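What follows is a set of notes on a single structure, which appears directly below.
The values are calculated or read from the model by the stated rules, or taken from the named source; none is laboratory data. Keep in mind the model is a prediction, meaning the values are calculated, not measured. Positions of Cβ are backbone-derived with ideal geometry, glycine not excepted, and every protein chain shown enters the neighbour counts.
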Amino acid sequence: MTGSIAAIGAGLAVLGVGLGIGRIGGSAMEGIARQPEASGKIQTAMLISAAFIEGAGLFGIVVSFLK
Amino acid sequence: MIKIKTLGFIVFAFLVSAGSAWASAHAEAEYASGPAAEQSKFDPTEMIMHHIKDAHSWHLMDWNGHAVSIDLPVILWTDHGLVSFSSAEFHHDNSGKVVVDRNGMSFVNHHEKIHFAGEEHHGTLIDLSITKNVVSLFVVAILLLLLFVSTARHYKKVGSNKAPTGMAGFVEPLVLFVRDEIARVYIGPKHVDRFTPYLLTLFFFIWLNNLLGLVPFFPGGANVTGNIAVTLVLAVITFILTNVNGTKDYWAHVFWMPGVPVALRPLLAVVEFIGLFTKPFSLMIRLFANISAGHIIILSLVSLVFILETVWVSPASILLSLFISSLELLVAALQAFVFTTLSALYIGTALEDHSHDHGHEAAH
């Protein structure tokens, strides 16, 4: 199996993003469980912060694609 | 209802006629091709990259070993003026072997980029071709116009006091969502009416392009929002709108942050200045990478059958690609929402009025 070291970089970027978005998702779940009436607002805030983290991860993945 | 059906029929008829007028089955002899053994070797990376990239002809399918495609015009701006010819003249070659001569210049198509053939020509070569992505943009523009013109007609006829019917019933909740949940929340009630049109355009344009990219046959399938040039333009528009509308207070927060020790302010100015550019840059990368990644995953799952060279893997391949395709339907809407929301957020922060004391500002 052939591959490049860039794939390892992409994998590492995904690792960080996974941890970050996992934490956001978990905290949002907790928040919604405590305050179900605020679920709409929590979801929006969750999506936005997830988008920011994802953006950082995607930087890493795109850089690993560039040769 | 009848009107909507008529419109739908017109779109369909237009697409079909455009397709059959341009689609031409090329019964030419295969151009310089390698031995048969070399051709049967399947390269998933090449196939996926071919589908992800923009192209000068729209490949529809292979029929009896011949490519059936719509040949799109190649338009080039050179030192000797405008040059245009049909991409059919390249005979589906993208390895730079087939040379097309025009106006004393010769061109080759190398991986869907038009170059001068040979080494002798060096000059400007600006590719203004109507490529696959451009056609897809036209299709989306026509669809959006049909959608919104018919909605506007409905309100003109029925008025906004009655419950909307037909197309307007579909559009109204989405428009209200963008206005009330995105624009009003992040831009604020004072400026909401100025920026709602832009945000609505962004939302529907990105969403429809994402959805059309997921359609696997003719009018769909182009990777428009997964093209970094398209997302670059969208991000640059947001960047310009943000900074043109920036208040004095916004620029003060960028270059001379109030509420922090003076010694820190130059450092923060550098960070904030870089931040001006990383915000639209991340908008650009996020949309591009999400949509491209979705296409790559679906195509990889489809090509599992060809990589493993067995038909028994097809149930897994079909189920997995069905699952990812449904996920991509969600991502299509989510990325449109995220792009719109973040644009609203950036514009909103630039417009924000910090007339209250800055001691409070430093607290958050």
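Numbers for the structure displayed
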item	result
All positions within the stretch B:214-266 that are over 19 Å from the mean Cα position of the chain (by Cα), part of a loop (DSSP other than H, G, I, E, B), on the phi < 0 side of the Ramachandran plot and not hydrophobic (A, V, I, L, M, F, W, C)	B:ASN245, B:GLY246, B:THR247, B:PRO258, B:PRO261
Identity of the residue in the stretch B:26-76, among the charged types (D, E, K, R) and at pLDDT below 80, that ends up nearest to B:GLY213 (Cα to Cα)	B:ASP62
Every residue from the stretch A:42-57 that is over 9 Å from the mean Cα position of the chain (by Cα) and either small (Gly, Ala, Ser) or within 9 Å of another protein chain (Cβ to nearest Cβ) (or both)	A:THR44, A:ALA45, A:LEU47, A:ILE48
B:ILE318 being modelled with pLDDT of 90 or more, farther than 26 Å from A:LEU47 by Cβ and not basic (Lys, Arg)	yes
Any chance B:PHE288 is in a helix (DSSP H, G or I), within 14 Å of chain A (Cβ to nearest Cβ) and either surrounded by 18 or more Cβ atoms within 10 Å (Cβ to Cβ) or over 21 Å from the mean Cα position of the chain (by Cα) (or both)	yes
Test: A:ALA38 is more than 10 Å from chain B (Cβ to nearest Cβ), modelled with pLDDT of 90 or more, farther than 23 Å from B:LEU283 by Cβ and surrounded by fewer than 17 Cβ atoms within 10 Å (Cβ to Cβ)	yes
Any hit, the stretch A:20-33, residues being among the polar types (S, T, N, Q) and either within 11 Å of chain B (Cβ to nearest Cβ) or touching a residue at least 40 places away in the same chain (Cβ under 8 Å) (or both)	no
Filter pass, B:LEU145 being in a helix (DSSP H, G or I) and either modelled with pLDDT under 90 or surrounded by fewer than 20 Cβ atoms within 10 Å (Cβ to Cβ) (or both)	yes
Hits in the stretch B:272-320 - residues which are over 24 Å from A:GLY57 (Cα atoms) and polar (S, T, N, Q)	B:SER303, B:THR310, B:SER314, B:SER317
Some residue of the stretch B:246-264 being of a type outside the set (Lys, Arg), at pLDDT 90 or above and closer than 21 Å to B:ASN133 by Cβ	no
Residue check for B:ALA222: surrounded by 14 or more Cβ atoms within 10 Å (Cβ to Cβ), within 14 Å of another protein chain (Cβ to nearest Cβ) and at pLDDT below 90	no
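A quick yes/no check of all residues on (1) over 30 Å from B:VAL233 (Cβ atoms); (2) surrounded by 14 or more Cβ atoms within 10 Å (Cβ to Cβ); (3) β-branched (Val, Ile, Thr):
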{"position": "B:VAL254", "(1), (2), (3)": "no, yes, yes"}
{"position": "B:LEU267", "(1), (2), (3)": "yes, no, no"}
{"position": "B:LEU301", "(1), (2), (3)": "yes, yes, no"}
{"position": "B:PRO315", "(1), (2), (3)": "yes, no, no"}
{"position": "B:PHE323", "(1), (2), (3)": "yes, no, no"}
{"position": "B:PHE337", "(1), (2), (3)": "no, yes, no"}
{"position": "B:THR340", "(1), (2), (3)": "no, yes, yes"}
